[in-house]
1. Taking into account only those residues within region B:24-73 that are closer than 20 Å to B:Phe198 by Cβ and of a type in the set (Ser, Thr, Tyr), which is surrounded by the most Cβ atoms within 10 Å (Cβ to Cβ)?
2. List the number of the failed condition for A:Leu11; all other conditions in (1) closer than 16 Å to B:Arg88 by Cβ; (2) more than 7 Å from every other protein chain (Cβ to nearest Cβ) hold.
3. When the residues of region A:240-267 are filtered to those that are in a helix (DSSP H, G or I) and among the charged types (D, E, K, R), which remaining residue is farthest from the other protein chains (Cβ to nearest Cβ)?
4. Being within 18 Å of the chain's Cα centre (by Cα), among the aliphatic types (A, V, I, L, M), buried (at least 17 other Cβ atoms within 10 Å of the Cβ) and within 11 Å of another protein chain (Cβ to nearest Cβ): is that true of A:Ile84 here?
5. What number goes with the only condition from (1) under 24 Å from B:Leu5 (Cα atoms); (2) at the interface with chain B (Cβ under 9 Å from one of its Cβ atoms); (3) of a type outside the set (Phe, Trp, Tyr); (4) assigned to a helix (DSSP H, G or I) that A:Ala73 does not pass?
6. Does region A:100-114 hold any residues that are touching a residue at least 40 places away in the same chain (Cβ under 8 Å) and either at the interface with another protein chain (Cβ under 7 Å from one of its Cβ atoms) or over 26 Å from B:Thr196 (Cβ atoms) (or both), and which are they?
7. Check whether at least one residue in region B:170-187 is within 13 Å of the chain's Cα centre (by Cα), modelled with pLDDT of 90 or more and away from chain A (no Cβ under 12 Å), and report yes or no.
8. Does A:Ala67 meet the test of being farther than 30 Å from B:Ala77 by Cβ, in a helix (DSSP H, G or I) and within 7 Å of chain B (Cβ to nearest Cβ)?
Amino acid sequence: MFHNRAEALALALPAAVFAAVVFLAPVVILLAEGFRNADGWSVSAYSGFLSDPLNRTVFLRTLRLGAAVTVVAAVIGYAAAFAIVNLPPKGKGRMIGLVVLPLMISPVARTYAWIVILGRTGIVNQALTSVGLTDEPVRFLFTETAVFVGLLQLFLPLMILALISALENMPKDAIPAARVLGANWFQVFWKVILPLTREGLVIGGTLVFTGSLTAYITPAILGGSKVLMLETLLYQRVTVANDFVSASVIAFILIVMSFAANLLLKRLATARSKR
Amino acid sequence: MNSRLFPVTVLVLVTAFLIGPFFIIVAASLSEGETLAFPPQGLSLKWVAKVFEVESFRESFAMSMLLAIGGTAAALALGIPASYALSRYRLPFGETVRTVVSLPIIVPGIIVGLALLRYLVVPFGFNITLALFLAHTALVLPYAVRVVSASLNNLRSDIEEAAVLLGSSRAGAFFRVVMPNIRSGILAAFILGFVTSFNQVPVSLFLSGPGVRTLPIDMLSYMEVTYDPSVAALSALLAFMSIGIVFLAERFLGFSRYV
């Protein structure tokens, strides 16, 4: 540890000043704009925003999709992570590689694939028609289901990776011990695995939830203007109506929800592990 | 329940869900037909060839490359000294500095882009390309600081203290002792930053002007007007590029340790 203060500041300040000027200041000014009207400080922009039923629908839909994606990712994530952790070392490395890989591929490309799969003449519709389940193609694109599937595919790897590292850090003999003592698999999960991997679940859950809340590409491609989420609504308000006040309100809501999710999950994790 | 069958089924399904769409994109891009379809109608490389003929793709690809390489280099130039100060010095307000440089990861990109447009580009007549460059630098900065800090924290600090005691200057100790030891961490940070910046959409949404566009934004607007398979072909090419980068990085660096 070095103690030269001037040197330390000279090294760290450029980055800090850059982030403060280029990033922090403009964002803070943008957020402040939502709390002002002609007479000074006010929250009228917020009451105005929330009194519009369309905005409320979009807000609730964003929360609902975020929660649904997080819960489903957690369920699939546990099953997948558990299977991966129990593979022999070589297979484990390969599987982790396969899970990391999609994260490096452009989300536009990954989302675009769902148009081919879910479109009117897509694979799903072809299968449904050939089996005779439907006569006319079912509309999947521009529905909440399509956005849900797209988001799940985008963020599932984050949950799996977080749970893999949590499961690896679990004491190796905890599960056999519980089994020997007569616990069934449900009890093993609920009483042993879940408490011991809570931290990984919280990390994965936060990443998936905040990622879904602030998603732009997926709702833009798979939802269109029929299934708006908060970020696509923000974009629409600015480009269609030049409405920067609504943009500021949405920005504030997004930031508050991201921070709240972080805090809440952190709190849940520590409160539970203290018991 | 068979105890072997269950995990295998789960892995097959999850892999199909995560990787399958990629194969479908590749197949659809090899189609001969005029519209996007799977299975492809006939086989041809014409859509792959078309990607290279569309001029806006060429321009936006160059722009994305410039931002990804330049922005990441700038983020590292700012981030490496900051990480060094955070891990080796008793820095006043160290936690505040760490929070400020990490914030761009938490705040949604679309807000950063809009804020830069409103308060830098419009009032001060900032060049759009410069604003994009600053935004991408800010976006990559948290990753640079996180990955470089991690490799600095894994490196014992007594070897550089020894170098200083033996008469080396502080800077000399950094460049001759520390840098060679964290080189793979820096390279990993560069790759992570490059991929993040290259694939980034929301930050660049509002920061586009005539002739100034990143590749993903260009793809989004192209697919709004045309449904031909060229975007599929471009997606497949980009995916192959990412796979190549990640494969090489994993081979030579053990990249997944840093992600």
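1. Looking at residues that are closer than 20 Å to B:Phe198 by Cβ and of a type in the set (Ser, Thr, Tyr), I get B:Thr72.
2. Single failed check for A:Leu11: (2).
3. Result: A:Arg267.
4. no
5. (2)
6. Those that are touching a residue at least 40 places away in the same chain (Cβ under 8 Å) and either at the interface with another protein chain (Cβ under 7 Å from one of its Cβ atoms) or over 26 Å from B:Thr196 (Cβ atoms) (or both): A:Val100, A:Pro102, A:Pro107, A:Val108, A:Arg110, A:Tyr112, A:Trp114.
7. yes
8. no
The values are calculated or read from the model by the stated rules, or taken from the named source; none is laboratory data. A quick note: this is a predicted structure, and the numbers were derived from the prediction, not measured. Neighbour counts are summed over all protein chains in view; Cβ atoms, including those assigned to glycine, are modelled from backbone coordinates with ideal geometry.
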